[in-house]
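K.L.:
Structure provided below as structure tokens; questions to follow.
The values are calculated or read from the model by the stated rules, or taken from the named source; none is laboratory data. Keep in mind the model is a prediction, meaning the values are calculated, not measured. Heads up, the Cβs are rebuilt from the backbone with ideal geometry, glycines too, and the neighbour counts pull from every protein chain shown.
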Amino acid sequence: MDKGARNLKNLKFHVHTFGCQMNENDSERIAGILSTAGGKISNSPEESDIIIVNTCAVREKSEEKLYSYLGRLATSKKKKKKTIGVVGCVAQLYGSELLEKRPFIDFVLGPDNYNQISEIIHSNHEEKFTSTNWSRDYNEIPHEMTFRESNISAYVTIMEGCNNFCSYCIVPFTRGREKCRPMKKIIQEIQCLADKGYKEIQLLGQNVNSYKDPDTKKDFSNLLSEANRAEGIEWIRFITSHPKNFTKNIATTMKDTEKVCHQLHLPVQAGSSSVLKRMNRGYTREEYLEKITLLRSLMPDISLSTDIIAGFPGETEEEFLETLSILEEVRFNNIFSFRYSPRPLTVACQEKDTVPFEEKKRRLIEVQNLQKKIQLELNNSLIGQVMKVLCSGKSKKTPRLYSGRNEGYQVVNFKSKNNVIGRFVDVRITSCGPYSLHGEAVKQ
Ligand code: SAM
Ligand code: SF4
């Protein structure tokens, strides 16, 4: 780090994050850069001298939330002088246009430009700045700097960007092409986390299954096997997988490596092969279902989750019913479901959108109601079982209870006589709702 960049001494900074785990990890890295440069992290945007807003452009709604947050920041800047930086996907998409339309913003940085952050803040408070350059290689920020939210479970980014160009998705335009991080660096970071006492890691990337070490060309299965050797780490997860790149070899490695959790998020998006084709997903309904059968034959206890988009342009009622039927057929443990949102630059947004807004809404509600029923049935079948839970803290809603996740990544709230934060606990499930399990610790 250069000399100037060490001079944020006693300045308070706040990082506000919109969007996915990738953004959360980027924010942790940004907070790391700023605190290494002398800044003091703060939970309060009002009291902070520097505010970084890390943005998400995946759906219109995330952009709307950003603009209302920025409006509040503009008001608070009138009361106290501060530096406001907008970074991430929306920053990449609109660049200097953001500075022109919202003059209270001081700088705009795209996702490949975070290592410039402390220099910009230190160098000149008055001058506006935009950087949305792409880099060809993964941008390494020393991992030791990362300011992590948790000291139990850690995100480890293994790749950035995406080459898939699903027809609805803005990510390839905001995050650029795939850039894989050298495996040596990833393993060093994991070992360092293990030495600090972390129990769980989550490998992150837009399409982790297509990971290739730029130095040795080793693939994602090799990476899982290497990560599995990190002494001290007990659970390894990864997100996001892509069905077209999810191979038998990866499934077998999941089964054969004792630390890789039997849990997989495998976004299907839609149940109809014709919609999947128009989405440019690169697999059919049947191919997706074959992968699910393979996974369940290798790991009968695997917990599966998915993403669903309701009301994609041109989706007929028959095609939509195929989405409902795939939910019934697979019986996922969890889903994330969205109403289709037209995004600039994408192929789908140039097509005629024949599904009216109200119809999209209805389809989304149908998806969610069906899934709620399935989840309640699946969760009810777990009552009486004892399962291993990694306790992350107290339950936010009911602070007398502890909270954590089981191997399947389900939320478990439970009673315990002892403080078990940061530990693995055996919990007997006594009741449930569709979105969480409840129980009591049996062995400590
Ligand atoms: N790379 C991952 C994948 O392929 O599934 C995740 C990408 S995206 C950040 C997360 C989810 O947002 C997608 O799986 C998709 O369901 C949803 N999504 C992306 N673009 C969307 C759009 N235009 N409208 C509605 N949902 C969208
Ligand atoms: Fe978007 Fe598709 Fe890439 Fe996922 S795989 S980030 S949905 S383009």
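K.L.:
Report every pair of residues separated by at least 6 positions or lying on different chains whose Cβ atoms are under 7 Å apart, first residue within segment 269-292 and closer than 15 Å to Glu318 by Cβ and surrounded by fewer than 20 Cβ atoms within 10 Å (Cβ to Cβ), second at pLDDT 95 or above and among the basic types (Lys, Arg).
P.N.:
Ser273/Arg285
K.L.:
Among the numbered conditions (1) within 11 Å of ligand 1 (Cβ to nearest atom); (2) closer than 21 Å to Asn245 by Cβ, tell me where Thr284 comes up short.
P.N.:
The one condition Thr284 does not meet is (1).
K.L.:
Mind listing whichever residues of segment 393-412 are surrounded by 15 or more Cβ atoms within 10 Å (Cβ to Cβ) and either among the basic types (Lys, Arg) or within 22 Å of the chain's Cα centre (by Cα) (or both)? It would help to see each step written out before you state the result.
P.N.:
From segment 393-412, those surrounded by 15 or more Cβ atoms within 10 Å (Cβ to Cβ) are 394-395, 401-412; that's our starting set.
Across segment 393-412, the qualifying residues are Lys394, Ser395, Ser403, Gly404, Arg405, Asn406, Glu407, Gly408, Tyr409, Gln410, Val411, Val412.
K.L.:
Any idea which residue in segment 282-306 is nearest to Gln410 (Cα to Cα), counting only those that are part of a loop (DSSP other than H, G, I, E, B) and of a type in the set (A, V, I, L, M)? Reasoning before the result, please.
P.N.:
We begin by selecting, within segment 282-306, every residue part of a loop (DSSP other than H, G, I, E, B); these are 282-284, 299-302.
Next, only the ones that are of a type in the set (A, V, I, L, M) stay: 299, 302.
Working: Met299: 17, Ile302: 12 Å.
Per the criteria, the residue is Ile302.
K.L.:
Pairs please, first residue from segment 409-420 and closer than 30 Å to Thr306 by Cβ and in contact (Cβ under 8 Å) with a residue 60 or more places away in the chain, second anywhere and among the aromatic types (Phe, Trp, Tyr) and surrounded by fewer than 17 Cβ atoms within 10 Å (Cβ to Cβ), Cβ atoms under 9 Å, 6+ apart in sequence or on different chains.
P.N.:
Sorted first by the residue in segment 409-420, then by its partner, the pairs are Gln410/Tyr435.
K.L.:
Further question on the same structure: List every residue pair whose Cβ atoms lie under 9 Å apart, where the two residues are 6 or more positions apart in sequence or sit on different chains, the first residue falls within segment 14-28 and is closer than 9 Å to Val53 by Cβ, and the second residue, located anywhere, is hydroxyl-bearing (Ser, Thr, Tyr) and outside any loop (DSSP other than H, G, I, E, B).
P.N.:
Within 9 Å, the pairs are Val15/Ser27; His16/Ser27; His16/Tyr69; Thr17/Ser27; Thr17/Thr55; Phe18/Thr55; Phe18/Ser62; Phe18/Tyr69.
K.L.:
Sticking with this one: Does Ala194 fit the bill of being modelled with pLDDT of 95 or more and under 17 Å from Ala154 (Cα atoms)?
P.N.:
Working: modelled with pLDDT of 95 or more: yes; under 17 Å from Ala154 (Cα atoms): yes.
Judged against the criteria, Ala194 is a match.
K.L.:
Continuing with this model, one more query. If you scan segment 162-175, which residues turn out to be of a type outside the set (A, V, I, L, M, F, W, C) and crowded, with 21+ Cβ neighbours inside 10 Å? Walk me through it before giving the result.
P.N.:
Here is the first cut: in segment 162-175, the ones of a type outside the set (A, V, I, L, M, F, W, C) are 163-164, 167-168, 172, 174-175.
Those that are of a type outside the set (A, V, I, L, M, F, W, C) and crowded, with 21+ Cβ neighbours inside 10 Å: Tyr168, Thr174, Arg175.
K.L.:
Related question: Taking segment 150-183 on its own, how many of its residues are farther than 24 Å from Cys261 by Cβ and in a helix (DSSP H, G or I)?
P.N.:
Number of matching residues: 5.
K.L.:
Related question: What number of residues within segment 314-332 satisfy the criterion of being assigned to a loop (DSSP other than H, G, I, E, B) and buried (at least 20 other Cβ atoms within 10 Å of the Cβ)? Spell out the reasoning first.
P.N.:
So in segment 314-332, the residues assigned to a loop (DSSP other than H, G, I, E, B) come out as 314-316, 331-332.
Cutting the leftovers down to buried (at least 20 other Cβ atoms within 10 Å of the Cβ) gives us 315, 332.
Total satisfying the criteria: 2.
K.L.:
Mind checking which residues of segment 282-299 are within 16 Å of ligand 2 (Cβ to nearest atom), touching a Lys or Arg at 6+ places or on another chain (Cβ under 7 Å) and on the phi < 0 side of the Ramachandran plot?
P.N.:
Tyr283
K.L.:
Now a separate question. For segment 313-351, how many residues meet the condition of being over 16 Å from Ser274 (Cβ atoms) and among the charged types (D, E, K, R)? Let's see the steps before the verdict.
P.N.:
Kept after step one, since they are over 16 Å from Ser274 (Cβ atoms), are these residues of segment 313-351: 327-339, 341-346, 349-350.
Still in the list and also among the charged types (D, E, K, R): 328-329, 331, 339, 343.
Summing the residues that are over 16 Å from Ser274 (Cβ atoms) and among the charged types (D, E, K, R) in segment 313-351 gives 5.
K.L.:
Evaluate the following for Leu364: is it more than 30 Å from Leu437 (Cβ to Cβ) and in a helix (DSSP H, G or I)? Walk me through it before giving the result.
P.N.:
Numbers: more than 30 Å from Leu437 (Cβ to Cβ): no; in a helix (DSSP H, G or I): yes.
No; evaluated as a whole, the condition is false for this residue.
K.L.:
Let me ask something additional. Determine the pairs where a residue that is on the phi > 0 side of the Ramachandran plot, located within segment 157-172, has a partner that is among the charged types (D, E, K, R) and more than 6 Å from ligand 2 (Cβ to nearest atom) with Cβ atoms under 8 Å apart, the partner being 6 or more residues away or on another chain.
P.N.:
Every condition considered, the pairs that remain are Gly161/Arg175; Gly161/Arg177; Gly161/Glu178; Gly161/Lys179.
K.L.:
Would you tally the residues in segment 337-350 being near ligand 1 (Cβ under 7 Å from one of its atoms), touching an Asp or Glu at 6+ places or on another chain (Cβ under 8 Å) and part of a strand (DSSP E or B)?
P.N.:
Number of matching residues: 1.
K.L.:
Could you tell me which residue of segment 251-262 is surrounded by the most Cβ atoms within 10 Å (Cβ to Cβ), considering only residues that are under 11 Å from Leu298 (Cα atoms) and not acidic (Asp, Glu)?
P.N.:
From segment 251-262, those under 11 Å from Leu298 (Cα atoms) are 251-256, 262; that's our starting set.
Adding the requirement that they be not acidic (Asp, Glu) leaves 251-255, 262.
Numbers: Ala251: 20, Thr252: 14, Thr253: 19, Met254: 22, Lys255: 15, His262: 16.
If we take residues in segment 251-262 being under 11 Å from Leu298 (Cα atoms) and not acidic (Asp, Glu), then Met254 is surrounded by the most Cβ atoms within 10 Å (Cβ to Cβ).
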